[in-house]
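Notes for the one structure printed next.
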Amino acid sequence: MIHLNIGSNLNSIHGSRFDNISIAIKLLNEAKLKIEKISHFYETPSYPNQKLPKFLNIGILANDNFEVSKLHKIINLIQKKIGRIKTNKNNPRVIDIDIVDFNGLIKDSNNLILPHPRAHLRNFVLYPILEIDPKWSHPIIKKNAQFLINNLSQKSRIEITRLYKNVKINHD
């Protein structure tokens with residue numbers, strides 16, 4: 001299974017943070033990614049500068065025969081289409097799509113590290129995974145999302161809010 005995480009903390013020409021994420025999912029669907037499940041939206045403070053706008057994130061569970069390089073190219077095109085501009089690390093952005101886990105693949109190249117190197121430390125990655133794929137296990141650490149959440153700091157566990165708002169998937 002493929003786990004993606006999509007985040008936004010800026011409005012764009014397309015609308016709100018919710019709109020940016022919904023458009024990203026629509027474009028992934030149009031690229032023929034077989035989306036199985038989408039988590040609720042989760043909101044977290046910006047890191048490390050909490051004065052910046054809050055992030056919205058969702059997790060996606062997909063099942064596909066894409067090569068990881070093809071999916072990575074599709075993601076980069078979608079981010080450009082929505083209006084992402086490469087800036088400094090941790091700066092606000094209209095869209096951020098990360099491949100968290102690609103069928104358990106372990107890869108380290110210049111442009112892609114799998115599984116995502118900080119996934120096990122991020123509340124906004126782990127809570128959506130726990131919601132949509134509670135049996136998932138980190139390919140390297142070999143621990144599930146609940147175990148990894150329990151290892152987060154108390155602050156990290158309480159500063160995330162699950163919003164009871166969903167993205168609708170339109171299957172053709």
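The values are calculated or read from the model by the stated rules, or taken from the named source; none is laboratory data. Quick caveat: nothing in here was measured; it's all calculated off a predicted structure. As a convention, Cβ positions derive from the backbone with ideal geometry for all residues, glycine included, and neighbour counts pool all protein chains shown.
Points to keep in mind about this one:
- In the range 79-95, the qualifying residues are those that are at pLDDT 95 or above and closer than 19 Å to His116 by Cα, and the one that is nearest to the chain's Cα centre (by Cα) is Ile95.
- Which listed residue, of Gly7, Gly104, is assigned to a strand (DSSP E or B) and at pLDDT 95 or above: Gly7
- Of all residues making up the range 23-49, the number that are assigned to a helix (DSSP H, G or I) and either of a type outside the set (S, T, N, Q) or touching a Lys or Arg at 6+ places or on another chain (Cβ under 8 Å) (or both): 7
- Scanning the range 112-133 for residues that are part of a helix (DSSP H, G or I) and crowded, with 16+ Cβ neighbours inside 10 Å yields Ala119, His120, Asn123, Phe124, Val125, Leu126, Tyr127, Pro128, Ile129, Leu130, Glu131, Ile132.
- Some residue of the range 139-157 being of a type outside the set (A, V, I, L, M) and touching a residue at least 40 places away in the same chain (Cβ under 8 Å): no
- Consider the range 134-154 and keep the residues that are hydrophobic (A, V, I, L, M, F, W, C) and not in a loop (DSSP other than H, G, I, E, B). The one that is surrounded by the fewest Cβ atoms within 10 Å (Cβ to Cβ) is Phe147.
- Take the conditions (1) farther than 16 Å from Leu4 by Cα; (2) surrounded by 12 or more Cβ atoms within 10 Å (Cβ to Cβ); Lys73 misses just one of them, which is (1).
- Total residues in the range 53-65 satisfying the condition of being in contact (Cβ under 8 Å) with a residue 60 or more places away in the chain and not aliphatic (A, V, I, L, M): the figure is 5.
- Criterion applied to Tyr42, Tyr47 was being surrounded by fewer than 16 Cβ atoms within 10 Å (Cβ to Cβ) and touching a residue at least 12 places away in the same chain (Cβ under 8 Å), and the one residue passing it is Tyr47.
- Within the range 69-90, being part of a loop (DSSP other than H, G, I, E, B) and in contact (Cβ under 8 Å) with a residue 24 or more places away in the chain holds for Gly83, Asn90.
- Breaking point among (1) assigned to a loop (DSSP other than H, G, I, E, B); (2) under 16 Å from Asn11 (Cα atoms), for Asn57: (1)
- Selection from the range 1-52 of residues that are more than 23 Å from Glu67 (Cα to Cα) and among the polar types (S, T, N, Q): Ser8, Asn9, Asn11, Ser12, Ser16, Asn20, Ser22, Ser39, Thr44, Ser46, Asn49, Gln50
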